[in-house]
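The values are calculated or read from the model by the stated rules, or taken from the named source; none is laboratory data. Model, not experiment: these values are computed from the prediction. Cβ placement follows ideal geometry from the backbone for every residue including glycine, while neighbour counts extend to all protein chains displayed. Accessible surface areas use protein heavy atoms only, side chains included; no ligands, DNA or RNA. Shrake-Rupley method; radii C 1.70, N 1.55, O 1.52, S 1.80 Å.
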Amino acid sequence: GAVVSQHPSRVICKSGTSVKIECRSLDFQATTMFWYRQFPKKSLMLMATSNEGSKATYEQGVEKDKFLINHASLTLSTLTVTSAHPEDSSFYICSARPSAGYTFGSGTRLTVV
Amino acid sequence: GNSVTQMEGPVTLSEEAFLTINCTYTATGYPSLFWYVQYPGEGLQLLLKATKADDKGSNKGFEATYRKETTSFHLEKGSVQVSDSAVYFCALLTQGGSEKLVFGKGMKLTVNP
């Protein structure tokens, strides 16, 4: 079946640094990928839709300059959290839609100290 | 707007107990409804879905019926197993121009032998 690989699964970084999270479609091509964020005891919230070869579409309230998305190939989308702050600590999940359904990565737990 | 409200946990059950996880939704139009499951260390996986009113989704002993009159999609299983321990998310797929998955907060289930 279609598999989405997300890396790293956990990352701890210092305030002010940037962190890159990768999302790869392993056995299919994904022109579109989705990035979600989950706060403790909150829903998974869609942050942005990543489009191969063009700019990402961000949801209302999501800072484009804070959360940089690059989708340079049909199998890779990256999310970079720039100048991270402790409030950026969260669980980030990517997703793609290979055919009729959505496939999700296993998520990245980001902790900013 | 579109939203999903589901039972919050965590919930602990003994093996062979009956499980119900309540889920209600608010949406414009007629969304598709889903239950996703996330096992420890893995990505979200589709458990079951229903695309129209009165549809019943079923998989691995789990069932949920799309109830338009009560805007609900409650998940049930007659006899849970230890292997059912996971986080369960109710979700809807919005209709219209940009299709989006809207999730509930998720509920952690632990099944003890």
### Message
I'd like to know if region B:71-82 contains one or more residues that are hydroxyl-bearing (Ser, Thr, Tyr), open to solvent by 10 Å² or more (accessible area, probe 1.4 Å) and not in a loop (DSSP other than H, G, I, E, B).
### Response
no
### Message
On the basis of being under 22 Å from A:Gly101 (Cβ atoms), more than 13 Å from chain B (Cβ to nearest Cβ), open to solvent by 80 Å² or more (accessible area, probe 1.4 Å) and without any contact (Cβ under 8 Å) to a residue 60 or more places away in the chain, does A:Thr31 make the cut?
### Response
yes
#### Entry: Candidates B:Tyr88, B:Tyr30, filtered to the one that is touching a residue at least 40 places away in the same chain (Cβ under 8 Å) and in a loop (DSSP other than H, G, I, E, B)
B:Tyr30
### Summary
Sole miss for A:Ala72 among (1) under 12 Å from the mean Cα position of the chain (by Cα); (2) over 26 Å from B:Thr5 (Cα atoms); (3) of a type in the set (A, V, I, L, M, F, W, C); (4) away from every other protein chain (no Cβ under 11 Å) is condition (1)
### Summary
If we ask which residues in region B:61-82 are closer than 26 Å to B:Pro40 by Cα and touching a residue at least 24 places away in the same chain (Cβ under 8 Å), their number turns out to be 12
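Residues being buried (at least 20 other Cβ atoms within 10 Å of the Cβ) and either at pLDDT below 95 or part of a strand (DSSP E or B) (or both): count how many of those fall in region A:78-89.
Residues flagged as buried (at least 20 other Cβ atoms within 10 Å of the Cβ) and either at pLDDT below 95 or part of a strand (DSSP E or B) (or both) within region A:78-89 amount to 2.
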## Note on the structure
Restricting attention to region B:47-70, the residues that are among the acidic types (Asp, Glu), open to solvent by 50 Å² or more (accessible area, probe 1.4 Å) and at negative phi number exactly 2
### Query
Exactly one of (1) surrounded by 21 or more Cβ atoms within 10 Å (Cβ to Cβ); (2) touching a Gly at 6+ places or on another chain (Cβ under 9 Å) is unmet by B:Gly104. Its number?
(2)
### Task
Within region B:67-82, track down each residue that is more than 15 Å from B:Leu19 (Cα to Cα) and either within 14 Å of another protein chain (Cβ to nearest Cβ) or within 11 Å of the chain's Cα centre (by Cα) (or both).
B:Ser72
### Task
Give the number of residues within region A:34-45 that are surrounded by 17 or more Cβ atoms within 10 Å (Cβ to Cβ), in contact (Cβ under 8 Å) with a residue 12 or more places away in the chain and at the interface with chain B (Cβ under 10 Å from one of its Cβ atoms).
4
### Task
Kindly indicate whether A:Ala72 is over 21 Å from B:Gly43 (Cα atoms), open to solvent by 60 Å² or more (accessible area, probe 1.4 Å) and of a type in the set (A, V, I, L, M, F, W, C).
yes
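Just checking, does region A:94-113 include any residue being away from every other protein chain (no Cβ under 14 Å) and in contact with a Gly (Cβ under 8 Å, 6 or more places away or on another chain)?
The answer is no, given that none of the residues of region A:94-113 is away from every other protein chain (no Cβ under 14 Å) and in contact with a Gly (Cβ under 8 Å, 6 or more places away or on another chain).
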### Query
Any idea which residue in region B:83-101 is most open to solvent (accessible area, probe 1.4 Å), counting only those that are within 23 Å of A:Leu44 (Cα to Cα) and away from chain A (no Cβ under 14 Å)?
B:Gln95
### Message
Out of the residues in region A:3-20 meeting the condition of being within 11 Å of chain B (Cβ to nearest Cβ) and part of a loop (DSSP other than H, G, I, E, B), tell me which one is surrounded by the fewest Cβ atoms within 10 Å (Cβ to Cβ).
### Response
A:Ser9
